[in-house]
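Below you'll find the structure, written out as structure tokens, and then a few comments.
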Amino acid sequence: MADTPLPPPPAQPPTWGPRPEGPAARPAPGPRKQHRVFFWLFLAVQLFFLVWIIAALNGADADPEACAGLTGDALQVCRDAGDVGTALGVWLLVAFWAAVDVILATTYGIYRLGRRQRDRPDRVS
């Protein structure tokens, strides 16, 4: 049995020689690229709130006109009251920002839920 010849290798097309003639086959077009409108809208809202908070902090007057003519402890109390008002205003902006983000996230979740593929009846779970 040692003298039996090995079977020939499987036939493969040659990798050399002229290429077959004919037009080059174009691949089938893939799915369309999704536009990320929500992503850019979300970033625009975040930028808007960030600019709004920065403007609110820069607009806070260190020595408001209501404190004009005051001295000593009365001036310090007036300034502290202005600082408390600024802090409350910024806190309200942050709370509003969070509420808008929750509304946007809920809306996006509902949108994605409506766009997902339905279970096909031929698919077994």
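The values are calculated or read from the model by the stated rules, or taken from the named source; none is laboratory data. Keep in mind the model is a prediction, meaning the values are calculated, not measured. Here the Cβ is made from the backbone with ideal geometry for all residues, glycine too, and neighbour counts use every protein chain on show. In case anyone asks, the SASA skips ligands and DNA or RNA and just uses the protein heavy atoms, side chains included. Shrake-Rupley method; radii C 1.70, N 1.55, O 1.52, S 1.80 Å.
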Practice task
Find all pairs meeting these conditions: Cβ atoms under 9 angstrom apart; at least six residues apart or on different chains; first residue within the range 28-41 and closer than 17 Å to Thr107 by Cβ and touching a residue at least 40 places away in the same chain (Cβ under 8 Å); second residue open to solvent by 90 Å² or more (accessible area, probe 1.4 Å) and not β-branched (Val, Ile, Thr).
Solution key: Phe38/Tyr111
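Which one of Ala28, Ala11, Ala66, Ala105 is at negative phi, in contact with a Gly (Cβ under 9 Å, 6 or more places away or on another chain) and open to solvent by 60 Å² or more (accessible area, probe 1.4 Å)?
Selected residue: Ala66, the only one of Ala28, Ala11, Ala66, Ala105 that is at negative phi, in contact with a Gly (Cβ under 9 Å, 6 or more places away or on another chain) and open to solvent by 60 Å² or more (accessible area, probe 1.4 Å).
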Exercise for the section: Collect the residues in the range 38-95 that are in a loop (DSSP other than H, G, I, E, B) and small (Gly, Ala, Ser), keeping them in residue-number order. Expected result: Ala60, Ala62, Ala68, Gly69
Handout entry: Criterion (on the phi < 0 side of the Ramachandran plot, without any contact (Cβ under 8 Å) to a residue 12 or more places away in the chain, open to solvent by less than 60 Å² (accessible area, probe 1.4 Å) and within 33 Å of the chain's Cα centre (by Cα)) met by exactly one of Ala56, Ala74, Ala60, Ala44
Key = Ala44
